[in-house]
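Input: a single structure, listed below in structure tokens.
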Amino acid sequence: MTGEDAGGGDLHADVVVVGLGAWGASTLWRLATAGVDVVGVERFTPGHPFGSSHGGSRMFRTACLEHPGLVPLAQRSGELWAELAQVSGRRLVEPTGGLLIGPRDGHVVEGTLAAARRFDLPVELLDAGRVRAEYPLHASLPDSHAAVLEKTAALVRPEQTILAAVEAAAATGARILTGTAVEGIELVDDGVVVRTAARNLRARQVVITAGPWFSALVPDLPVEAVRMPMTWFAPSGDPASFALDRFPVFIRELDEGGAVWGHGLGADLGPAGEVKLGLEDGGSAFSVVDAAAVDRSVSEADWAVLTRLLPDAVPGLGAAPTRAAVCMITRTPDRQFLLGRPREDPRLVVGGGCSGHGFKHATGIGEVLADMVLNREPRFALGFTDPNRFS
Ligand SMILES: Cc1cc2nc3c(=O)[nH]c(=O)nc-3n(C[C@H](O)[C@H](O)[C@H](O)COP(=O)(O)OP(=O)(O)OC[C@H]3O[C@@H](n4cnc5c(N)ncnc54)[C@H](O)[C@@H]3O)c2cc1C
């Protein structure tokens, strides 16, 4: 069964996955692959542009500056991405290399180096002179800055990944309800009752991967949805200088605070001829929102900070974006994920709080959450993502 739920009597399954975005689609795939009787429920259609996982591209890195403990998860995600690309026949990953740029002692360079050192990753530290010489679009880099080059960094395609995972799960027996919003989840003696307008779904366990809508279903965990615009710019000069092989994906921390990220041109990653740029979370540029009522219109206020920074940080682009779209992230107080069983409840697994750096781990997180459902030994030490850490 795949499609909108026509309704009927109660539906029974071993596991229900609520929310088939990046993390939920991967969880569904890993559970179905493990032979679990699983139903996935999605309020829109997989690959939709209303949550956290649209806009054509996301950056994949293994030297995770957000927490060194994420390195094994990123590495495993890379393996699973290759598997998913193979089973789906879809192009999901575009190798690009990546530059993590900023003050030599800043959080981007130092965080990346710390992760790389802990797991002996093959990254290279470039001083400012070398960056300026080899990557002319970063010619404004001051001498006190540096860059870490991670050659294994890549761009991954969010919508294609979700579609691939949902298709692969369906091919392995998962049932999928689209256009179906979960309205409530009740923990009962022998499992859970997941309520939709059409009917009740009864299961032994539920996995909640609702992204920016997470707090509507799990109100007692500290997450907030944050509105984060994405913007695309046209080169004002030679577009070839922004091609991915000359302009690797990057994050650049600035002296005045904040960081700009960018994805170059090419490989069918979005509208032809547009460079995707945005700001890292951390400043006042983004607002906390109710995901159900977020303002999806865009205006100059959405790119005012970025366009002020760009002429110096990334020269050679038009003064205003040619396109913009609203995306959301789900933020926790410590900016780490929530992966686990709240209150050690055997009926409930959650995957939320992506905090703006969760796409690169999507396939690995699917496997981690599936392992939790199956009560398997954890593959990695991810205690810092335990949802009970705030209680
Ligand atoms: C602009 C931007 C840039 C980013 N860049 C990067 C990057 O370069 N690298 C990186 O690793 N990460 C990046 N991220 C973060 C990354 O995109 C997210 O971590 C990831 O997409 C989170 O996926 P998710 O599954 O948690 O949420 P989503 O993909 O939004 O999935 C949640 C799903 O649950 C569904 N749902 C919600 N409530 C219900 C309900 N009640 N019933 C049924 N279905 C429901 C939603 O419709 C949705 O499909 C970026 C995020 C943004 C916004």
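The values are calculated or read from the model by the stated rules, or taken from the named source; none is laboratory data. Just so you know, these numbers come straight off a predicted model, no measurement behind them. FYI the Cβ positions are ideal-geometry reconstructions off the backbone, even for glycines, and counts take in every protein chain you see.
Quick notes on this structure:
- Within region 291-324, the set of residues being small (Gly, Ala, Ser), surrounded by fewer than 18 Cβ atoms within 10 Å (Cβ to Cβ) and closer than 28 Å to residue 217 by Cα comprises 292, 293, 297.
- Reported count of residues in region 28-47, each being within 10 Å of the ligand (Cβ to nearest atom) and assigned to a loop (DSSP other than H, G, I, E, B), is 6.
- Every test in (1) closer than 24 Å to residue 260 by Cα; (2) at pLDDT 95 or above; (3) among the charged types (D, E, K, R) is passed by residue 94 save one, and that test is (2).
- Search result, residues across region 48-72 that are more than 13 Å from the chain's Cα centre (by Cα) and not in a loop (DSSP other than H, G, I, E, B): 68, 69, 70, 71, 72
- Each residue in region 261-299 was checked for being at pLDDT 95 or above and among the acidic types (Asp, Glu), and 2 of them qualify.
- Selected residue (criterion: nearest to residue 296 (Cα to Cα)) from residues of region 336-355 that are over 13 Å from the mean Cα position of the chain (by Cα) and in a loop (DSSP other than H, G, I, E, B): 341
- Residues of region 139-184 that are in contact with a Lys or Arg (Cβ under 9 Å, 6 or more places away or on another chain) and within 22 Å of residue 11 (Cβ to Cβ): 165, 167, 169, 178, 179, 180, 181, 182, 183, 184.
- With respect to (1) within 19 Å of the chain's Cα centre (by Cα); (2) in the same structural domain as residue 166 (by TED's automatic domain parsing); (3) surrounded by fewer than 20 Cβ atoms within 10 Å (Cβ to Cβ), the lone exception for residue 37 is condition (1).
- The set of residues in region 48-62 being near the ligand (Cβ under 9 Å from one of its atoms) and within 26 Å of residue 292 (Cβ to Cβ) consists of 48, 50, 51, 52, 53, 54, 55, 58.
- Filtered residues of region 87-110 (kept if more than 23 Å from residue 137 (Cα to Cα) and touching a residue at least 12 places away in the same chain (Cβ under 8 Å)): 87, 88, 90, 91, 92, 93
- Among the residues listed as 24, 9, the single one being touching a residue at least 24 places away in the same chain (Cβ under 8 Å) and assigned to a helix (DSSP H, G or I): 24
- Candidates 139, 203, 170, 181, filtered to the one that is within 10 Å of the ligand (Cβ to nearest atom) and in contact (Cβ under 8 Å) with a residue 40 or more places away in the chain: 181
- Inside region 254-263, residues that are within 19 Å of residue 111 (Cβ to Cβ) and crowded, with 23+ Cβ neighbours inside 10 Å make up a count of 2.
- Residues in region 91-105 that are farther than 30 Å from residue 144 by Cβ and surrounded by 16 or more Cβ atoms within 10 Å (Cβ to Cβ): 92, 93, 94.
- Listed by position, the strands (runs of 3 or more DSSP E) enclosed by region 122-202 that each have at least 3 residues that are crowded, with 19+ Cβ neighbours inside 10 Å are 145-150, 154-156, 175-178, 191-196.
- Flag: residue 25 does not match the condition of being under 22 Å from the mean Cα position of the chain (by Cα) and more than 15 Å from the ligand (Cβ to nearest atom).
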